[in-house]
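Colleague: I have a structure I would like to understand better, so I am pasting it below and will then ask my questions one at a time.
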Amino acid sequence: MLSVTWYEEELMLCPDRAVYWPAGSALFIADPHFGKAATFRQVGLPVPEQTTVEDCARLNRLLDQTKAEILVILGDFLHSDLGRVSVVKDQLCEWRSGHTNLNIHLIRGNHDVGAGDPWPELGIECHDEPWRHGPWHCRHEVDEGTKGPQLAGHLHPSVSVAGERVACFCKRESHLILPAFGSFTGT
């Protein structure tokens with residue numbers, strides 16, 4: 001993890017595409033797009049089936065590392081209504097059963113509008129953007145008119161390294177854009 005100080009707060013940028021805020025015991029991720037592979041399979045495209053399980057395992061590692069008490073998802077929890085299949089729900093409910101004390105907040109993103117809020121069994125509190133948590137304006141999309149520090153997603157930032165696209169963070173004076181957390185999202 002890389003420690004950065006921003007707006008007089010320490011943030012830990014995690015190589016697994018997340019941000020940990022130690023002072024608030026909060027882990028931030030953006031754009032998991034759960035159910036995206038299932039959406040593609042629903043329309044007949046052959047894609048991997050284990051992306052939800054793999055992303056939940058990565059999230060488990062991050063939660064174990066950080067001991068975060070709060071998880072904030074900066075939009076696009078679900079990819080689409082077609083991805084709301086029982087196997088995705090079961091995988092996410094199984095993951096959640098191992099984190100019953102974790103407070104989870106979702107800032108609704110553009111994909112959440114069509115996909116709907118997560119299943120109630122997941123115990124995720126949903127918010128329209130912006131939602132304020134500590135000093136952070138939590139959003140899905142950056143709003144250039146907002147004063148103060150914004151944590152956002154939506155853009156799936158990346159850089160080219162040796163001809164390969166690699167997910168990255170994009171930090172500006174007023175906002176920090178997180179890379180897409182989902183392993184099947186692209187950049």
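Colleague: Of everything in region 145-165, what is open to solvent by 60 Å² or more (accessible area, probe 1.4 Å) and in contact with a strand residue (DSSP E or B) (Cβ under 8 Å, 6 or more places away or on another chain)? Give them in sequence order.
Modeller: LEU155, VAL159, SER160, ARG165
Colleague: For region 25-55, give me each residue that is at pLDDT 95 or above and either more than 23 Å from GLY109 (Cα to Cα) or open to solvent by 10 Å² or more (accessible area, probe 1.4 Å) (or both).
Modeller: Result: SER25, single match.
Colleague: When the residues of region 93-126 are filtered to those that are of a type in the set (A, V, I, L, M, F, W, C) and out of contact with any helix residue (DSSP H, G or I) (no Cβ under 9 Å at 6 or more places or on another chain), which remaining residue is farthest from SER25 (Cα to Cα)?
Modeller: Ranking the candidates gives VAL113 first.
Colleague: Going by the structure shown, is LEU59 surrounded by 15 or more Cβ atoms within 10 Å (Cβ to Cβ), over 15 Å from the mean Cα position of the chain (by Cα) and either assigned to a helix (DSSP H, G or I) or basic (Lys, Arg) (or both)?
Modeller: Taking the combined requirement at face value, the residue does not satisfy it.
Colleague: All but one of (1) over 25 Å from LYS67 (Cα atoms); (2) in contact with a strand residue (DSSP E or B) (Cβ under 9 Å, 6 or more places away or on another chain); (3) at pLDDT below 95 hold for GLU141; which doesn't?
Modeller: With (1) over 25 Å from LYS67 (Cα atoms); (2) in contact with a strand residue (DSSP E or B) (Cβ under 9 Å, 6 or more places away or on another chain); (3) at pLDDT below 95 applied to GLU141, the lone miss is (3).
Colleague: Which of the residues spanning region 127-141 are in contact with a helix residue (DSSP H, G or I) (Cβ under 8 Å, 6 or more places away or on another chain) and open to solvent by less than 70 Å² (accessible area, probe 1.4 Å)?
Modeller: Across region 127-141, the qualifying residues are HIS133, GLY134, HIS140.
Colleague: I've got another one for you. Hey, any hits in region 166-173 for a residue that's of a type in the set (A, V, I, L, M) and more than 23 Å from SER3 (Cβ to Cβ)?
Modeller: Within region 166-173 (the criterion being of a type in the set (A, V, I, L, M) and more than 23 Å from SER3 (Cβ to Cβ)), the answer is no, since none of the residues qualifies.
Colleague: Right, something else. When you look at PRO22, is it closer than 21 Å to LEU178 by Cα, more than 16 Å from the chain's Cα centre (by Cα) and either surrounded by 22 or more Cβ atoms within 10 Å (Cβ to Cβ) or at pLDDT 95 or above (or both), yes or no?
Modeller: Yes: the conditions hold for PRO22.
Colleague: Could you give every pair whose Cβ atoms fall below 8 Å, whose first residue belongs to region 106-125 and is open to solvent by 30 Å² or more (accessible area, probe 1.4 Å), and whose second residue is part of a helix (DSSP H, G or I), counting only separations of at least 6 or pairs across chains?
Modeller: GLY114/ASP81; GLU121/LYS89; GLU121/CYS93; GLU121/ARG96; GLY123/ARG96
The values are calculated or read from the model by the stated rules, or taken from the named source; none is laboratory data. All values derive from a computational prediction rather than experimental measurement. Because the Cβ atoms are built from the backbone with ideal geometry, glycine has one as well, and the counts that use them run over all protein chains shown. Protein only, heavy atoms only, side chains kept; ligands, DNA and RNA dropped before computing areas. Shrake-Rupley method; radii C 1.70, N 1.55, O 1.52, S 1.80 Å.
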